[in-house]
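Worksheet: one structure, shown below.
The values are calculated or read from the model by the stated rules, or taken from the named source; none is laboratory data. Small disclaimer: the values here were computed from a predicted structure and weren't measured. Virtual Cβ from ideal backbone geometry, glycine too; neighbours counted across all protein chains shown. Keep in mind that these areas ignore ligands, DNA and RNA; they rest on the heavy atoms of the full protein, side chains included. Shrake-Rupley method; radii C 1.70, N 1.55, O 1.52, S 1.80 Å.
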Amino acid sequence: GVGKTTLSRKLIENFKSDTDTFEFHLMLDPKFESELELLKHIIKLFGIEKSGNSVQENRNIIENHLLKVGVEEEKTLSLIVDEGQNLPENMLDVFRTLLNFEANDYKLLQLIIFGQPEMGTIIKKYPNFEDRISFDFELGPLSLQDTIGFINYRMKQAGGEDKDWFTQEVIENIYKKTAGYPRRITNTCHVLLLNLLNTDNRTIDINIFNQVFSNNLSTESNDDPEKKEYSSIAVNKLLDVLRN
């Protein structure tokens, strides 16, 4: 929930105007049972029409494509892998082999892997792959100041007028509740905004926050009729707004 996938999409978007220089390919949820399956998937990602029947044949096809893009077309080909922690461990050795493809003075493939913390543990088991890593970054949660900026930006992007939707005290409580993790911040703000529809307020204050996230409310059973009624009112109110 720190924004790995969002960052990967933003990276690709930033280079959209540089298609003459960079070529990006995105691999999602890389669960492969064999090297042959992985290589065939990469061939398909690269837009190569035919794949081979053996591992070596597919390696050769990929190498020829990398040479074509990197040497003949003078482009930097980058493969982005999202949810890298889902890679079977032995597949890192496959990527190590692909990273060996190079021209005289530069690599033909740039590999960027986004993964959860356990990805680091997997990599350490393959020192030959780890040695090829040029940069290693860890994404952490937001600071309080960044949380304020994050909430304000998301509200503007969602069409909210230029106003303070949350009091400073509420934002500080959101930060404490979510520990600064963007996905949790988004979900918490979403719940608060839904409950704002059930009031005449135009700003979420600490009373609304406490009402929504009080200890009593959070420990109630799903069968609590009052909780069901409260959620029902908020949802119906939202539907009214959407209809209007």
Pop a pseudo-label 7 angstrom from the Cα along the beta-carbon direction at both Phe46 and Glu74 and give the gap in nm to one decimal. 2.1
Sites Arg154 and Tyr106 - FRET efficiency at Förster radius 30 Å, r taken between beta-carbons, to 0.05: 0.15
Quick one: angle between helix 225-243 and the longest Cα principal axis of the chain, in degrees between 0 and 90, rounded to 10, please. 70
Roughly to the nearest percent, how much of the accessible area of the stretch 134-173 is carbon and sulfur, given a 1.4 Å probe? 47
Cβ-based charge dipole, the chain, positive-most Cα from Met119, Phe166, Ile43: Phe166
In terms of the charge dipole of the chain, which places +1 on Lys and Arg and -1 on Asp and Glu at the beta carbon, the residue among Asn58, Thr186, Leu99 farthest towards the positive end is Thr186
Which order, highest average first, do 15-23, 172-180 follow once you tally other Cβ atoms within 10 Å for each residue and take the mean per peptide? 172-180, 15-23
Only helical DSSP H runs with n ≥ 4 go in: add -39500 (n - 2.57) per run for the chain, normalise by residue count and round the 222 nm mean residue ellipticity to 500 deg cm²/dmol. -15500 deg cm²/dmol
At 1.002 mPa s and 20 °C, Stokes diffusion of the chain via Kirkwood alpha-carbon radius, µm² per second: 99
Cα-centred dipole magnitude for the stretch 57-178, charges only on beta-carbon of K, R (+1) and D, E (-1), debye, nearest 20: 180
Relative contact order computed over the chain (Cα-Cα under 8 Å; 6+ residues apart), in percent: 17
Per residue, in Å², the accessible surface of the chain once ligands and nucleic acids are set aside, probe 1.4 Å: 63
Between Asn201 and Leu11, what's the calculated FRET efficiency when r is the beta-carbon distance and R0 is 45 Å? Round to 0.05. 0.70
With +1 on the Cβ of every Lys and Arg and -1 on the Cβ of every Asp and Glu, the dipole magnitude of the chain about its Cα centre, in debye rounded to the nearest 20, is 340
Which pairs in the list Lys10/Lys125; Lys68/Lys107; Lys4/Lys31; Lys44/Lys75; Lys31/Lys124; Lys10/Lys177 are over 21 Å apart, alpha-carbon to alpha-carbon? Lys10/Lys125; Lys10/Lys177
Global geometry of the stretch 9-68, whether rounded, prolate or oblate, following the gyration tensor of its Cα atoms and the 1.5 cut on a/c: oblate
Added length on full extension, which subtracts the Cα-Cα distance from 0.36 nm per residue, Thr19 to Gln168: 49.3 nm
Please report the carbon-and-sulfur percent of the accessible area for the stretch 1-48; probe 1.4 Å, protein heavy atoms only, DNA, RNA and ligands left out. 51
